Amino acid sequence: VQLQASGGGLVQTGGSLRLSCAASARTSSTTVAWFRQAPGKDREFVAAAFRWSSNTYYADSVKGRFAISGDNAKNTVYLQMNSLKPEDTAIYYCAADSSLIVSTIRLSEQYDYWGQGTLVTVSS
């Protein structure tokens, strides 16, 4: 599976961006997630769509501001990011795997497939 992430950019505090993650293939068991890594910090979980369904999960830091959704026809998962804050600045990565259970979806090491990352910069 190849993943292509896009949509990053520079935005002011309070602004919005939509990231896209296009997958070359998927099954009904494919979980797609977004992680991010800020300079000098570890990679952290942001959001996931469990088994390409409406069962979505979010980090507490983005809950209520970010929304993950999928387009079945395009094999693409989106991350709509609203009310952005400077602390959201990071490289955002999409990841996919078809063997996860709910208890593992927040763990980056569980994902076999990764996109190349897209930079999001939020200015204050």
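In summary, the lysines within cross-link reach of K85, defined as a Cα separation below 21 angstrom excluding same-chain residues under 8 places away, comprise K41, K63.
If eta is 0.692 mPa s and T is 37 °C, what Stokes-Einstein diffusion coefficient results for the range 1-53, Kirkwood Rh from Cα pairs, in µm²/s? Could you put the intermediate results ahead of the total?
Numbers: Rh = 13.0 Å.
It diffuses with D of about 253 µm²/s by this estimate.
Note on K74: no aspartates and glutamates have a C-alpha under 17 Å away, same-chain residues under 8 apart excluded.
The local environment of A59, defined by Cβ-Cβ distances under 15 Å, has a net charge of +2 under the rule Lys, Arg +1 and Asp, Glu -1. Taking a Cβ cut-off of under 13 Å around D71, the surrounding Lys, Arg, Asp and Glu residues balance to a net charge of +3, with basic ones at +1 and acidic ones at -1.
Proximity of backbone amide H atoms, modeled 1.01 Å from N, is registered between G15 and L84 at under 5 Å, excluding neighbours fewer than 5 places apart on the same chain. Size descriptors for the range 23-71 (Cα atoms only): Rg and Dmax, in that order, 11.9, 36 Å.
The largest-to-smallest principal axis extents of the Cα set in the chain are 40, 28, 25 Å.
Rolling a 1.4 angstrom probe over the protein heavy atoms with all chains in place gives the range 1-116 an accessible area of 51 Å² per residue. Relative contact order of the chain: 36 percent, from C-alpha pairs under 8 Å at least 6 residues apart in sequence.
The values are calculated or read from the model by the stated rules, or taken from the named source; none is laboratory data. It should be emphasised that the depicted structure is a prediction, and the values quoted were computed from it without experimental measurement. A quick note on method: Cβ atoms are made from the backbone with ideal geometry, for glycine too, and the neighbour counts reach across all protein chains shown. The area values use the complete protein model at the heavy-atom level, side chains included, leaving out ligands, DNA and RNA. Shrake-Rupley method; radii C 1.70, N 1.55, O 1.52, S 1.80 Å.
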